[in-house]
Amino acid sequence: MSLQERDKKHLWHPLTQHKLHPDHLAISKAKGALLYDDNGKEYIDGIASWYTCMYGHCNDYIIEKVHDQMQQLDHVVFAGFTHEPAIKLSEALIKILPKNQNKLFFSDNGSTSVDIAIKMALQYHFNRGEKRGKIIAFEGGFHGDTFGAMSVSGLSVYNGPFEEFFIDVTRIPVPTSNNFDAVKQQLIELLSSGNVAAFIYEPLVQGAAAMKMYDAGLLEALLSIVKQHNVLAIADEVMTGFGKTGKNFASQHLTNQPDIICLAKSLTGGMVPMAITSCTQQVYEAFLSDDISKGFFHGHTYSANPIACTAALAGIELLQSTDVQENINRIIGAHQAFDKRIKNHTKVSETRQLGVIYALDLNVEMDRYGDLRNKLFKFFMNNGVCLRPLGNTIYILAPYVITNAQLEKVYQTIEAALEEV
Ligand SMILES: Cc1ncc(COP(=O)(O)O)c(C=O)c1O
């Protein structure tokens, strides 16, 4: 029996209606920007496996570091114990995070990093004797699939059974030059209720909403207002973090820095799951007390797993290397050149780019998980390119190690796909 057949016996895949989509392609190995299926066919991973493997699949440097760590210390409880991989990682990460960040709290995935940020913000005010229960978020944002993260996500694809259990969230539109005055007014009215604990946002790019990009100056202005009301700003950098926007973190395109930052995905270069919620010293100090209950009683079994910390530290070293920085600039330039080539195509309604993130919208109506989207996805895969359109948006967010020839193949396959729709 093939892997695909055996898969069907016991496995339940994410974001899948199995009755309509029973088949899953078996991938047997990966290297650099390439995935290989069990028949040996290769695919360029144009989305770095949901933007995780940015330094390339099975990166030799990360493997070497992880291999050494595996023989030294596999895991230990992180409550009451500490270890060098976590300490070294904290020292390296704090150096590259926005300057106001000073403490790191570990978990396992992007959604939990967001849930932790929300709980931190709610308890921050609670510990200071203020009951603030509302979170403000952007319409169309995506922050994950656990309850807190799902509640603040505006992108409510198939959330029906859960909506009545959500936490108290009010969504405001993403600012544009046309709606800015109205959004600002709405924000001021919400903040003046005195009940708002935090404002959560994906800085500059809303990933799952189809790489929607918005202006740094407008976000900057909203953050200034938020800060005047003693409301915590939470930047969800789960997608944007670690170089994708051309800076280490998207927040570094702004001067108003968040109080809390959520990190996951390429934190470990795709090697193992791990997430971090970072915060300022001021947030941390609100939890210091002789009263034990004012501590943050949240904990995951695999918090700060030494192997994951080692992968993350290796990832940060790679991110800072000349090689990776040159690759980022090379990809930025290649996307800019491709944009000139494609933006006036009759089937393209809009293109956008920030750093190595490139997206184009087709001027065709398409459902997020509809037939036309699936036809496009199949076309890409048949041609050896793994791109997963989000509705009528095709986006590229490839590993930094993708070669020029591989990038050109991605571009040409997109151009060929335009003739198919
Ligand atoms: C901005 C953002 N936040 C949170 C998440 C959730 O991360 P995870 O899938 O690791 O739970 C995602 C996932 O795509 C994301 O893009």
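The values are calculated or read from the model by the stated rules, or taken from the named source; none is laboratory data. These numbers come from a predicted model, not from an experiment. Cβ atoms come from the backbone with ideal geometry, glycine included; neighbour counts cover every protein chain shown. Keep in mind that these areas ignore ligands, DNA and RNA; they rest on the heavy atoms of the full protein, side chains included. Shrake-Rupley method; radii C 1.70, N 1.55, O 1.52, S 1.80 Å.
Please report the relative contact order for the stretch 236-287, taking Cα pairs under 8 Å with a sequence separation of at least 6, and give it as a percent rounded to a whole number.
Value for the stretch 236-287: 31 percent.
Show me 216-225, 385-394, 105-114 ranked by packing, highest mean number of other Cβ atoms within 10 Å first.
Ranking, from highest mean packing down: 105-114, 385-394, 216-225.
Roughly how many Å² is the accessible area per residue of the stretch 39-129, as a whole number, for a 1.4 Å probe?
49
Name the helices (complete DSSP H segments) of the chain with a Cα length along the long axis of 24 Å or more and a Kyte-Doolittle mean of at least 0.5, or state none.
none
Taking a probe of 1.4 Å, how large is the accessible area per residue of the stretch 271-421, in Å²?
Normalised by residue count, the accessible surface of the stretch 271-421 is 45 Å².
Let me have the 222 nm mean residue ellipticity of the chain computed from DSSP H runs of 4+ only, each contributing -39500 (n - 2.57), with the sum over all residues rounded to the nearest 500.
Helix contribution divided over all residues of the chain: -11000 deg cm²/dmol.
Please compute the contact order of the chain in relative form: average sequence separation of alpha-carbon pairs under 8 Å and at least six residues apart, divided by the residue count, as a percent.
In percent, rounded to a whole number, it is 22.
Out of the total accessible area of the chain (probe 1.4 Å, heavy atoms of protein only), what percent is carbon and sulfur?
Carbon and sulfur together cover 52 percent of it.
How many angstrom lie between the Cα centre of the stretch 93-158 and the Cα centre of the stretch 316-373?
The two parts, judged by their Cα centres, are 28 Å apart.
Can you spot the aspartates and glutamates whose alpha carbon is less than 14 Å from LYS65's alpha carbon? Ignore those fewer than 8 places along the same chain.
In chain and number order, the partners are ASP74, GLU84, GLU317.
Given the C-alpha centroids of the stretch 22-47 and the stretch 163-193, what is the distance between them in whole angstrom?
Rounded to whole Å, the Cα centres lie 42 Å apart.
Taking the full set of protein chains and a 1.4 angstrom probe, give the accessible area of ARG341 in square angstrom, rounded to the nearest 10.
Rounded to the nearest 10, the figure is 110 Å².
Give the peptides 199-212, 90-103 in descending order of average Cβ contacts within 10 Å, highest first.
Ranking the peptides 199-212, 90-103 by packing returns 199-212, 90-103.
Straight distance only, please: which lysines reach the Cα of LYS343 with their own Cα at less than 24 Å, same-chain residues fewer than 8 apart left out?
Once the sequence-local lysines are set aside, what remains near LYS343 is LYS212, LYS244, LYS375, LYS378, LYS409.
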